[in-house]
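Written out below as structure tokens is the structure these notes cover.
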Amino acid sequence: VLLCVPDAEVAGLAETLALAPRTWAGTVVAHTSGALSADALAPLAAEGADTLAFHPLQALTRTAGAASLDGVFAGIEGAPRAVAAGIELAVGLGMRYVVLDAAAKPRYHLAAVMASNLLVTLLGMVQEVLASLDVDRADAMAMLEPLLRGTLDNVAAAGPEDALTGPVARGDVETLRAHGLALRRHLPHLVPAYAALSVETVRLAVRAGTLPP
């Protein structure tokens, strides 16, 4: 039984199902939250269910249609018997999997949120910068798509350190200063985000060896 509901509804749904006039012993019950552990299903575990967290590491939206799960990782966490069932489900769906413990779930989900949700936020910021040049928002995405795909291909092939290009990796301080001044003049609310991301890019460039510590 898969509970595909928002995180805030998992515990309440588990309590409701635990009261159902049926025997839960021998049934695997899983939620699809990336952040919650299998303990969120404790009322069902108390009724004998094998409880599991089974999180597809894929962006699923209401409008994009059904995304293929082929090759997608599932984050799996729970008791050993439930984990075995989760692995069987993942393999049956053509997925790969990673087995986690409950303490790792917040960091696992944090990584997923940073890779997906915060990337969308970053692209929204980029779109805003181009809109300040009167570039249509749809045109902005068309302009950026080849760059984004090329960057993702480079990261996938070589990792972030070797894929990093641009003014930080080259140590072009004057270019970075010009960016900051342009943001401060036209889009000042983006300065803190740009500064924070640039600092992390410096750290990445140092790890890559393109900048001295």
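Some notes on this structure:
- Pairing residues of the stretch 148-171 that are more than 18 Å from LEU123 (Cβ to Cβ) with residues that are open to solvent by 50 Å² or more (accessible area, probe 1.4 Å) and aliphatic (A, V, I, L, M), at Cβ distances under 6 Å and at least 6 apart in sequence or on separate chains, gives VAL168/VAL202.
- Considering residues of the stretch 72-98 that are of a type in the set (A, V, I, L, M) and closer than 16 Å to ASP39 by Cβ only, the residue nearest to the chain's Cα centre (by Cα): ILE76
- Within the stretch 43-71, tally of residues that are more than 15 Å from SER33 (Cα to Cα), hydrophobic (A, V, I, L, M, F, W, C) and modelled with pLDDT of 95 or more: 4
- Filtering the stretch 63-78 to residues that are among the aliphatic types (A, V, I, L, M) and surrounded by 15 or more Cβ atoms within 10 Å (Cβ to Cβ) leaves LEU69, VAL72, ALA74, ILE76.
- Selection within the stretch 89-107 - over 12 Å from PRO56 (Cα atoms) and exposed (fewer than 12 other Cβ atoms within 10 Å of the Cβ): GLY92, ASP101, ALA103, ARG107
- Taken over the stretch 7-24, the residue count meeting the criterion of being open to solvent by 20 Å² or more (accessible area, probe 1.4 Å), within 23 Å of the chain's Cα centre (by Cα) and in contact (Cβ under 8 Å) with a residue 12 or more places away in the chain is 2.
- Matching residues, the stretch 130-143, being open to solvent by 50 Å² or more (accessible area, probe 1.4 Å) and either of a type in the set (A, V, I, L, M, F, W, C) or more than 16 Å from HIS186 (Cα to Cα) (or both): LEU133, ASP136, ARG137, ALA138, ASP139, MET141, ALA142, MET143
- Residues being open to solvent by less than 80 Å² (accessible area, probe 1.4 Å) and hydrophobic (A, V, I, L, M, F, W, C) - total across the stretch 144-168: 7
- Of the residues examined, GLU161 is one that is of a type in the set (D, E, K, R) and in a helix (DSSP H, G or I).
- Any hit, the stretch 119-129, residues being in contact (Cβ under 8 Å) with a residue 12 or more places away in the chain and either loosely packed, with under 12 Cβ neighbours inside 10 Å or under 29 Å from LEU41 (Cα atoms) (or both): no
- For the stretch 169-208, a residue qualifies if it is open to solvent by 70 Å² or more (accessible area, probe 1.4 Å) and β-branched (Val, Ile, Thr), and the qualifying residues are VAL173, VAL199.
- The number of residues in the stretch 17-44 being under 11 Å from ALA82 (Cα atoms) and touching a Gly at 6+ places or on another chain (Cβ under 9 Å) comes to 5.
- Among the residues making up the stretch 94-112, those that are without any contact (Cβ under 8 Å) to a residue 40 or more places away in the chain and closer than 22 Å to ALA156 by Cβ are GLY94, MET95, ARG96, TYR97, VAL98, ARG107, LEU110, ALA111.
- Residue that is nearest to MET125 (Cα to Cα), among those in the stretch 172-213 that are part of a helix (DSSP H, G or I) and of a type in the set (S, T, N, Q): SER198
- Output for the stretch 25-48, where each listed residue is open to solvent by less than 10 Å² (accessible area, probe 1.4 Å) and farther than 19 Å from PRO106 by Cβ: VAL29, LEU44
The values are calculated or read from the model by the stated rules, or taken from the named source; none is laboratory data. Quick caveat: nothing in here was measured; it's all calculated off a predicted structure. Cβ: placed from backbone, ideal geometry, glycine included. Neighbour counts: every protein chain shown. Ligands, DNA and RNA are stripped out before the accessible areas are found, and what is left, the full protein with its side chains, is counted by its heavy atoms. Shrake-Rupley method; radii C 1.70, N 1.55, O 1.52, S 1.80 Å.
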